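Here is the structure we will look at.
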Amino acid sequence: MSVQFVVPGSKSVSRPPSVAAYLVDRTFFFIAALGALIIIALVAYILWEIGGQALPAIRTSGAKFLINTGWDAQRGNFGILPQIWGTLYSSLLALAIGGFIGITIAIFLTQDFLPPRIAVIFRTLIEMLAAIPSVVFGLWGIFVVIPFVRPGANWLFEHAGFIPFFGSSLSGPGLLPAVIVLSIMILPTVAAISQDAIGLVPYKIKEAAYGMGATRWEAILKVIVPTASGGIFSALVLGFGRALGETMALAMLIGNSNQISLSLFSPANTLAALLASNFPEAAQPERQALMYAALVLLAITLVVNVFGTLILIWTSQKVAKA
Amino acid sequence: MSTAAVLRRPKTGTSSDIAIDCNVNKIFYGNFLAVRDSAVPIEKGKITGFIGPSGCGKSTVLRSLNRMNDLIPGFRLEGKVDFLGQDIYAKGIDPVVVRRYIGMVFQQPNPFSMSIFDNVAFGLRLNRFKGDVEEKVEHALRRAALWDEVKDKLKASGLSLSGGQQQRLCIARAVATEPTVLLMDEPCSALDPIATRRIEELMLELKKDYTIALVTHNMQQARRVADVTAFFSVDISKGGRTGFLVEIGDTNNIFDAPETELTKQYIRGEFS
Ligand SMILES: Nc1ncnc2c1ncn2[C@@H]1O[C@H](COP(=O)(O)OP(=O)(O)OP(=O)(O)O)[C@@H](O)[C@H]1O
Ligand SMILES: [Mg+2]
């Protein structure tokens, strides 16, 4: 039992928390700790399981797996460099486009550009994008995006084909439609988290900016966005993570071709798309190689998140440092 | 821009010792009449103190002197506020321009989350200052009596300073661009007595070059630094709580020989 500080005869109503309150405190701690442990255990288990299944492939191909460019199930020759390239290239492009648009939308929806009611409608619409199934995005990409971008892409190839980015024609599925759809898919994540981050900028900071005689854009670009940069950065890291792991829409749109090209119009492949399209019919040596590929994808995602977190901690420490 | 030129050069024939001639008939927030009938001339090279009970509209009047209130939806001013002979509420006047010539220091320190140097240089860069930024920053920090404390860590974040230092940083930020008038809304309310005295000394120092309008809850402070004091009060007669100017005059007169009973009572501490 805890101490009590009682003055005899006083009318004070102060008293220590009840036993039940302490009990609830403890229970909450245990539940929270248990939840954290379960998550750690789950991640460890997944790594263990995939690692175990990938082990034969790791033994036979080793690091060569990461730099080989062919995927030949018959001969048992596996390499995922084109998929690693495709994953990073498509995700970075999608991050550039989706990130830019997402942050712009976040600014528009938080800085009184729109009447509050319309801003709410917009916000809901964008959040609804996140609820559209990946397959639907894939279908939309095939039936709408590809026909829409093809004429322009082929015009660029004919007239500016010497630029590496336009160095091939777009005959159907390819990097560009995949990137466009991927950008739209990560947009709600980036927009929603950036909005929260910008919304957390204290009013007095905005007031200070306007008080110095900043125009609206000066206040936004020089003060408000930099103040929210930590949260916006997190939004981008999460969006990038989503892009890295996106599977279905990409498997439908990217063309599943193992080549490394800068061209936006050539078909490509990603790790997630490779897994999705090859797994269902894979027999043994290929299965192990696919597990190895899954492990690599997991590692890339992990590295991105860890780096993101580290940069975030590092920058916020720089801000807090005396 | 043409407005800037007008503001820089006073029209000939205007009373030369008034920086801002504030003639408020009515200030509304939405339907709420916050302030009525307040004519507050802010004299050049002097400190004008605004005192009065809480909610009487001191901040409202102060913030209407550089159109800060335009940020608040529903704000509406009836009357005229002449800055160097130009009505700042006239059609076609951009509040942004007004705020570049009339700086502001707020009640809560609000440095930007950037380095100490960048905080002070912010206004210089905003105004596309082409000269020696470092020199201006040092000068502003010295004026704000902060230089010695921060000269070795100009790259550190402005948020890493103590509350009092942050407030002096905000003052340095506001004076770096040498605005014509400085508005200060209870700049010492979050500070301890020592920091408060330093900022008061600073105001007296700044007065040589600037015109200052100062809102304060602290009557001793008004007495110590203000040359002119404006006393506001609230009028609860018509159902609302509308603020208005009761009396304005030399600080000594307001405190030692107030003309109205209301001022007398307030100064004696009979209500607050
Ligand atoms: N943004 C706003 N929206 C609506 N009403 C407001 C707003 N700001 C102030 N008011 C109202 O205007 C009146 C005057 O407020 P103001 O802040 O000018 O008083 P003040 O004299 O500065 O008080 P204090 O000494 O407490 O700071 C108050 O009744 C207040 O409720
Ligand atoms: Mg106030």
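The values are calculated or read from the model by the stated rules, or taken from the named source; none is laboratory data. Not measured: the values here are computed from a predicted model. Cβ: placed from backbone, ideal geometry, glycine included. Neighbour counts: every protein chain shown.
Report yes if some residue within the range A:213-233 is within 14 Å of chain B (Cβ to nearest Cβ), in contact with a Gly (Cβ under 8 Å, 6 or more places away or on another chain) and without any contact (Cβ under 8 Å) to a residue 12 or more places away in the chain; otherwise report no.
Looking through the range A:213-233, at least one residue is within 14 Å of chain B (Cβ to nearest Cβ), in contact with a Gly (Cβ under 8 Å, 6 or more places away or on another chain) and without any contact (Cβ under 8 Å) to a residue 12 or more places away in the chain.
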As an exercise: evaluate B:Thr211 against (1) away from ligand 1 (no atom under 16 Å from the Cβ); (2) free of Cβ contacts under 8 Å to residues at least 40 places away in the same chain and give the number of the one condition it does not meet. (2)
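Rundown of residues vs (1) within 19 Å of B:Ala121 (Cα to Cα); (2) at pLDDT 85 or above; (3) within 16 Å of ligand 2 (Cβ to nearest atom), yes/no style:
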residue: B:Lys155; (1), (2), (3): yes, yes, no
residue: B:Ser162; (1), (2), (3): no, yes, no
residue: B:Leu169; (1), (2), (3): yes, yes, no
residue: B:Val175; (1), (2), (3): yes, yes, no
residue: B:Pro179; (1), (2), (3): yes, yes, no
residue: B:Ala190; (1), (2), (3): no, no, yes
residue: B:Leu202; (1), (2), (3): no, yes, no
Residue that is modelled with pLDDT under 95 and within 30 Å of A:Leu295 (Cβ to Cβ), where the choices are A:Ala160, A:Ala243, A:Ala192: A:Ala243
Where a residue in the range B:30-52 is within 14 Å of chain A (Cβ to nearest Cβ) and closer than 10 Å to B:Phe244 by Cβ and its partner, wherever it lies, is assigned to a strand (DSSP E or B) and more than 16 Å from ligand 2 (Cβ to nearest atom), with Cβ under 7 Å and at least six apart: none
Helices (runs of 4 or more DSSP H) wholly in the range A:29-143 with at least 2 residues that are over 30 Å from A:Gly174 (Cα atoms) - which ones? A:81-110, A:116-129
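Got a sec? Which of A:Thr315, A:Thr309, A:Thr270 is under 19 Å from the mean Cα position of the chain (by Cα) and surrounded by fewer than 19 Cβ atoms within 10 Å (Cβ to Cβ)?
Just a single option satisfies the conditions, and that option is A:Thr309.
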Expected output for the range A:102-125 (first residue within 23 Å of A:Tyr210 (Cβ to Cβ), partner surrounded by 12 or more Cβ atoms within 10 Å (Cβ to Cβ) and not hydrophobic (A, V, I, L, M, F, W, C), Cβ below 7 Å, 6+ apart or cross-chain) is A:Ile103/A:Ser194; A:Ala106/A:Ser194; A:Ala106/A:Gln195; A:Leu109/A:Arg123; A:Leu109/A:Gln195; A:Thr110/A:Gln195; A:Thr110/A:Gly199
Looking only at the range B:59-116, which residues are more than 9 Å from chain A (Cβ to nearest Cβ), touching a residue at least 40 places away in the same chain (Cβ under 8 Å) and small (Gly, Ala, Ser)? B:Ser59, B:Ser64, B:Gly74, B:Gly79, B:Gly85, B:Gly92, B:Ser115
How do the helices (runs of 4 or more DSSP H) wholly within the range B:128-208 filter down when requiring 2 or more residues that are within 14 Å of chain A (Cβ to nearest Cβ) and farther than 24 Å from B:Asn66 by Cα: which remain? B:147-150, B:163-175
Considering the range B:130-146 alone, what residues qualify as being surrounded by fewer than 18 Cβ atoms within 10 Å (Cβ to Cβ) and more than 17 Å from B:Asp209 (Cβ to Cβ)? B:Lys130, B:Gly131, B:Asp132, B:Val133, B:Glu134
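Just to be sure I understand, how many residues within the range B:42-67 are in a strand (DSSP E or B), more than 12 Å from ligand 1 (Cβ to nearest atom) and either buried (at least 23 other Cβ atoms within 10 Å of the Cβ) or of a type in the set (Gly, Ala, Ser) (or both)?
Matching residues across the range B:42-67 total 4.
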A:Pro17 fails exactly one of (1) outside any helix (DSSP H, G or I); (2) loosely packed, with under 10 Cβ neighbours inside 10 Å; (3) of a type outside the set (Asp, Glu), namely (2)
With respect to A:Leu175, determine if the residue is touching a Lys or Arg at 6+ places or on another chain (Cβ under 6 Å) and more than 14 Å from chain B (Cβ to nearest Cβ). no
Test result for A:Gly86, among the small types (Gly, Ala, Ser) and over 20 Å from A:Pro164 (Cβ atoms): no
Going by the conditions given, is B:Gly103 small (Gly, Ala, Ser), within 15 Å of ligand 2 (Cβ to nearest atom) and part of a strand (DSSP E or B)? no
Residue among B:Leu77, B:Leu71 that is within 16 Å of ligand 1 (Cβ to nearest atom), aliphatic (A, V, I, L, M), more than 21 Å from B:Asp17 (Cα to Cα) and more than 17 Å from the chain's Cα centre (by Cα): B:Leu77
